[in-house]
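Quick note: the coordinates plus some simple rules give every number you see, no bench work behind them. Since the model is a prediction, treat every value here as computed from it, not as a measurement. Every residue, glycine as well, gets a Cβ built from its backbone with ideal geometry; the counts of neighbours run over all protein chains shown.
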Amino acid sequence: MTTRRQDAALQARGTVIDLTLFDAHESLAYLTSRLGTHHTPPEALANLADDLGHLPLALAQAATFLLDNEMSPAEYRTRLAREGARLADLVPDGALPDGYPLPLSATWALSVRRADELRPSGIAGPLMHVLSLLDGTGVPGELLATPALSALAPHPSEAAARDEVHDAVHNLRRLSLLSVDTTATATPARSQNPAPTRSARSPARRYASTP
């Protein structure tokens with residue numbers, strides 16, 4: 001897990017390791033390992049890394065977005081600039097609450113929007129918002145099957161609505177906004193994302209938003 005939290009509760013759950021930004025060489029090596037350079041020149045990847053501030057989490061989410069959408073770094077940079085400008089209008093000081101940098105916030109917003117567009121559309125975004133309000137150290141997996149969350153899916157059948165919420169969870173996972181832990185042991189999960197990460201666990205499966 002990654003987090004910007006510094007509170008003692010995390011210390012009690014395991015070893016906390018401070019992470020730094022990638023340098024230019026590390027960023028390029030990471031993007032090359034994820035995306036390759038056959039159709040993408042190294043210069044394009046280096047420019048993308050610069051735009052993302054060499055933030056490891058932003059690089060990871062951007063790489064997943066590019067692979068999922070078969071998009072070029074140049075097109076992604078255009079979208080990133082647009083989203084960054086929109087957020088800058090909302091947050092003039094250049095950072096969201098808790099010190100989240102705008103490149104990461106913009107990357108996260110693009111990924112959530114894409115997840116929300118996938119079928120069943122219109123559910124992943126609200127679901128991520130709800131998860132961001134819940135306990136950052138673990139959310140019971142059965143919560144995903146409750147009527148409250150099923151209501152996020154506008155379906156007359158509650159069973160079908162639960163299925164759509166389940167599918168939306170995996171759309172978030174597909175965009176590296178959610179990870180699935182199949183162990184039964186609950187561990188903290190929180191990320192550097194503008195929306196705090198949440199975990200949802202059940203005897204068979206645990207969901208944790210990462211990105």
Using amide H atoms built 1.01 Å from N in the peptide plane, name the residues 5+ places from Ser179, or on other chains, whose amide H lies under 5 Å from its own.
Ala208, Ser209, Thr210
Along the range 59-74, what does the Karplus equation 6.51 cos²θ - 1.76 cosθ + 1.60 (θ = phi - 60°) give for ³J(HN,Hα), rounded to whole Hz, x for Gly and Pro?
4, 5, 5, 5, 4, 4, 4, 4, 5, 5, 9, 6, 10, 7, x, 4
What percent do you get for the relative contact order of the range 22-117 when only Cα pairs under 8 Å and 6+ apart count?
28 percent
Using the Cα centre as the reference, give the magnitude of the dipole from point charges on the C-beta atoms of the range 17-90 (Lys, Arg: +1; Asp, Glu: -1; all else neutral), rounded to the nearest 20 debye.
180 debye
